[in-house]
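Comments concern the structure below.
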Amino acid sequence: MASEQALLTAMIEQLGLDAVIPQGVRPQTGLRRYEPGEYLCVAGQPVDSFLILAGGRCRILSLSDMGRQVILDYMRPPDANGDIELLNGSPWLHSVCAELPTTAIAIPQTVFLEQMMAHLPFVQMLCHGFARKLYTTSSRHSIELLYPLTNR
């Protein structure tokens, strides 16, 4: 357990999140490891933790109307997942699948809502993440609108 906490601390420092994840919540925070092809989360399932990718790479997937999986984006460290779902009290919006051996920092739902949302550096990190997600989504949709509906 002590080595797990030491590894968690090292990853937090490596990602530059030392001020973002306070010492007081680290004992309640854990590391999760995923093998290629393993799902970090599945669309429609309840959210139990806020995840910060600490190593590896993942695909963000959605299911098309025809039943096919569509890759929406990729996650790389230090991308985060679960923020929108936890704040809305909704299940996972999209599925996330590991492409490489992946490690994620998992902050439990209660810690996220009760402690982390009162910690200004963490809230600022979330705001930057929301801005990045909004900008990326807006840019993609703008480009898609340049093509006729039949090509989309």
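The values are calculated or read from the model by the stated rules, or taken from the named source; none is laboratory data. None of the values given here were measured: they were computed from a predicted structure. Neighbour counts are summed over all protein chains in view; Cβ atoms, including those assigned to glycine, are modelled from backbone coordinates with ideal geometry. In case anyone asks, the SASA skips ligands and DNA or RNA and just uses the protein heavy atoms, side chains included. Shrake-Rupley method; radii C 1.70, N 1.55, O 1.52, S 1.80 Å.
If contacts are Cα pairs under 8 angstrom and at least 6 residues apart, what is the relative contact order of the range 1-144 in percent?
Details: 236 pairs, mean separation 44.3, N = 144.
Averaging sequence separation for qualifying contacts and normalising by length gives 31 percent for the range 1-144.
Working out 0.36 nm times the residue gap between Gln5 and Tyr39, then minus their Cα-Cα distance, what length gain in nm do you get to one decimal? Walk me through the numbers on the way to the answer.
Numbers: separation 34, 0.36 × 34 = 12.24 nm, distance 2.37 nm.
Fully extending the segment from Gln5 to Tyr39 adds 9.9 nm.
How big, on average over all directions, is the shadow cast by the Cα convex hull of the range 1-114, in nm²?
Details: hull surface 28.9 nm².
Seen from a random direction, the Cα hull of the range 1-114 projects 7.2 nm² on average.
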So the carbon and sulfur contribution to the accessible area of the range 1-69, 1.4 Å probe, in percent, is 53 percent
Within the range 1-106, which trypsin sites (Lys or Arg not before Pro) sit in a loop by DSSP and count at most 13 neighbouring Cβ atoms inside 10 Å? Arg68
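So with the 1.4 Å probe, I'd like the accessible area per residue for the range 11-125, rounded to whole Å². Intermediate values should be presented prior to the final figure.
Details: 5830 Å² over 115 residues.
Accessible area per residue, the range 11-125: 51 Å².
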What is the dipole size for the chain, taken about its Cα centre, with +1 at each Lys and Arg Cβ and -1 at each Asp and Glu Cβ, in debye to the nearest 20? 340 debye
